[in-house]
1. Between residue A:276 and residue A:335, what is 0.36 nm times their sequence separation minus the Cα-Cα distance? Round to one decimal in nm.
2. Kindly list the residues of the range B:84-101 that lie in the label zone of residue B:41, defined by a backbone N under 17 Å from the point 7 Å along the Cα-to-C-beta vector.
3. Averaged over all directions, how much area does the convex hull of the C-alpha atoms of the protein assembly as shown cover when projected, in nm²?
4. Set the Förster distance to 35 Å, then compute FRET efficiency between residue A:756 and residue A:201 from the Cβ-Cβ distance, nearest 0.05.
5. For the range A:764-819, compute Rh as the Kirkwood radius over C-alpha pairs and then the Stokes-Einstein diffusion coefficient at 4 °C and 1.567 mPa s; write the answer in µm²/s, rounded to an integer.
6. How shielded is B:54-67 by partner chains, expressed as the average number of their Cβ atoms within 10 Å of its Cβ atoms?
7. I need A:251, A:582 ordered by Cβ neighbour count within 10 Å, fewest first.
8. Taking the simple approach of a point 7 Å from Cα along Cα-to-Cβ for both residue A:384 and residue A:904, what is their distance in nm?
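Since every read-out is calculated from the coordinates, none of them should be taken as a lab result. No experiment lies behind these values; they were computed from the predicted model shown. Heads up, the Cβs are rebuilt from the backbone with ideal geometry, glycines too, and the neighbour counts pull from every protein chain shown.
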Amino acid sequence: MRRTIRRLLSSLRPGHAERELAREIRSHLQLLEDQYVANGMDVEEARHAAQRAFGGVEQTKERQRDARMFRWLAGWPMDLKLGGRMLVKYPGLTVVGGLAMAFAICIGIVIVQVVSLFTSPTLPLSQGTRLVELRSMDAAENVQERKILHDVLEWRQSLRSLTDLGAWRDSSRNLVIADGEARPVSVAEMSASGFRLADGEPLMGRVLVEADERAAAPAVAVIGYHVWRTRFVSDPQVLGRTVQLGHEYATVVGVMREGFEFPVAHDVWLPLKTSLLDQAPRSGPAISVFALLAPGVTIQTAQAELTAAGRRIASQSPLTHQHLEPLVRPYAMMVVPDGPGDLAIMYSIYFFIVVLLALISGNVGLLLFARAASREADLVVRTALGASRGRLVAQMFAEALVLGSAAAIAGLLAADLALRTWGVVFLETNLGRLPFWFDLGLSPRAIGAAVLLTVAGTAIAGIMPALKITHGMGHRLRQNSAGSGGLQFGGVWTVVIVAQVAATVIFPALVYWEQTQLRRVQDFDAGFEAEHYLAVQIERDAPAGDDPTADAATLERDARLSATLEDLRRRLVAQPGVLGVTFAERLPTTTHAQKIIEMGYDMDRGGPVSAAGSTSEAPLRVATIAGVEPSYFDVLDAPVLAGRGFTAADALPNARVAVVDQSFVDQVLQGRNAVGQQVRFRFAGRAPANPGDAAAPGDWYEVIGVVPDLGVGAPTQRGRAAGLYFPDTPSRFDQIHMMVHVRGGDPMTLAPQVRDLATAVDPSLRLIDMRRVNEANDDIVWVLGLWLRITVVLSSLALVLSLAGIYAVLSFTVARRTREIGVRVALGASRQRVILAVFRRPLLQVASGIVVGTAIVFTGAWMIRYTEFPGSERDLTVQGMATIIAYGIVMLGVCTLGCLVPTRRALNIEPTVALRAE
Amino acid sequence: MSSGDDHVELLQGTLDLIILRALSTMGPLHSYALATRLAQVSDSPLSLNQGTLYPALIRMEQKGWLKGAWGRTEANREAKFYSLTRAGERALTQQTERWRRLAGLVDKLLLEN
């Protein structure tokens, strides 16, 4: 260790040791000389004899240096300085190569940062490493059992390895303030211990305490900082105020500090009054459980104790708990989906980073090679002066490292910006509100990844060309050919050029494909004037996770909700400018469910399907299902093309009628008359796990009418979906979307009235995502747009790198063959022949790249069509193919343009100049 | 310089032991004196040149076994004198022990044959 440090120091500051060595050798020679003089030689003779006896002074110094320092490190300060000068001297390469590497590093950091949020999240809490989540898995069904209040109470009594065990129950409720509007907030009914273990300090008042959990305790609430700032306008007198949360009232007793959102992303906290809840085994509300590992206890020890407790409960309640297995997991892992499939996706993402970096660095390496080739003479002189191959490679690596480091800094800054601006929006679009521990600032892990990517990228970009250019340098030196153009672009560079030209073709094809997707979403026709409709999702006020079983209470709640919605509709219709109000399970142009159906009429053989319909050979077809309220078609002003639309009576449970759209008639019925046809679901409930299993089909429904296509399907789906409408009352929808038809103008101007009326009708009605119907797919459009932008940048980068690479190769070729070209021109060779002779190889490489890229694009398009849309129309249209081929031709043209300057330079060479070139 | 059968190749690691031993016996020596001493004690010429001696000296100095200090010879010439440090003395004991074990083992094997 001591020696390593000294060697390191000596490598970085060799001056003193060098002077010391020279002095010592001088002294050694002097002593030898004295000895020879003492033996009778004259001074001059003795000096020569001493030098002969000592041997090679320089060799001795070299060997001592080898032992004294790390030679590969010795010239680094100088190499780095030289690398910096190179950046300035070749600004084109610096900008192109630097930007390309910065982009690869930026993408790498962003991906590592986002993936690490899921794979190794950390909690910003003082006891974060000890905080765990307890869950119970049903091993038979492989699903999580959330009704575990009974178990929690048992665990709290018995477990010693876990402390502060508590639970919470999620509910989204409307927060209604006197004279204020009702807005949904995320409420946690939580055990008081949650505040203790999550560093919960109130800004004002107090947090919840165990006494608040008693059944008879007054209803109290603690509100979050953000809610206090926005909904209570930072009211300093907020403590003691009564607020309405859904149907309940509570007194505000505390305001939390900024940033406190424990347990996940919550705004308001109510005490979890367990004594009022159903505590029977595997019954009661759906809850989540947190606890703290006791000091010194590992998660494995806690798991062992919990497993034992689980067995004990299972022996007491075998009927409910036979298959339940309790688990302890690090708290922050609760949002991580588990399963080997996710790991595979993660590794494939990492593989993508490595491939991207390797491709880009390989291309930058090509540019650096061309730059180094132009400095071959300099390298030859260094070799002649004794520099080893390793030394030269180290020098070129250092030069690439300067470029890589500049790129890394740019990449880090860009990644930070991208994560803070787009990253949050991207994740929230996909996951909803983010947990409090999701920090998208650059983590040490991401910075480590940046360092790793920089070194790896630099190694590819710097070492590969260095090895290539120094290969056989000694031999060339002896042959007297070094520096005179003996260097050649070999097989490796051919591969690099072909790969980058292929990438230049592939990326635009990707852009084309993504743009097609984006346009498909944007152009998805709703079939009515969607921009004049206001859409809002309405949530009923029931704690999440409760079973909507058809018991009396549920039926009563449904009836109440129906009455409420009807009341809301009535009040809205009375508003000036409102033409109609209707409800649907899904908004038009958003994703609808698909189901396998059977028709009562056998299309192929004619006549009705046999009575045993499910066992006959009746062809199975897929229809897209839309649950709508009877007034739907009227409010959408959709003409009924055949038969009739729905009436209120059709929504009664035994009515069994359906309406189909024009696509259904065209695709399923092949143009036949739809009215009077029978249709049913192939599987009444869930589809059986195995195709051979028997499953009962559903009841027959009669088709009573045909309407035009009204945006049923999925926005990213190709072609038209066969729409099948069923009438129902909104209270039975799994999602309730209300659509308000507003006469002319912007329907959003009605938004405040809709909110006010909803609050007036029922303060617990939560209105979510209020927007125009034609903006229903804005989220998907945003995400697709982001991907498109990233691909466009990648695409442009591939093009610029390609052009720079081709230009560098051609310049190099011309420089190398200056003499030959001069002689050819002098001997009267035609310009065409010279051009062909010089540029045959680069042009062949470009052409191969275009062929390879086009082949990959066509194969990819074929595979996408084959795997994703079997039997559908051709994904790659003639127009698409023509576009890609035309692009290939344009690419060839652009690459030829890249050849222009070197070609002109080659042809303008004066024979006399060329012959003097060496 | 010698050649043929008189040539003794230095075993890896033995040069350190020889230098340590020479310094232990003779006290502080400069590199010329060390080279001369090594030539004197060897019955047959030792395959040692300055290109081997200087790397060994710096290596041992960096390990902390030797300490070099500039001084004056009897003829009033300046020279760098190397002396053993405490760590060097310990290293000498260890290296000697190691060498004896190794030599004993080799002797034993040769006698058996």
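1. Numbers: separation 59, 0.36 × 59 = 21.24 nm, distance 2.88 nm.
That pair, residue A:276 and residue A:335, stretches by 18.4 nm at full extension.
2. Taking a point 7 Å out along Cα→Cβ of residue B:41, the residues of the range B:84-101 whose backbone N falls under 17 Å are B:84-85, B:88-101.
3. Values: hull surface 265.4 nm².
With every direction weighted equally, the projected area is 66.3 nm².
4. On the way: r = 37 Å, r/R0 = 1.05.
Given R0 = 35 Å and the Cβ-Cβ separation, E is 0.45.
5. Numbers: Rh = 15.7 Å.
Answer from the Stokes-Einstein relation: 83 µm²/s.
6. Working: counts 11, 8, 3, 4, 15, 5, 2, 4, 11, 3, 3, 0, 0, 0.
Other-chain Cβ atoms within 10 Å of each residue's Cβ, averaged: 5.
7. In order of increasing Cβ crowding within 10 Å: A:251, A:582.
8. Here the modelled spin labels are 3.6 nm apart.
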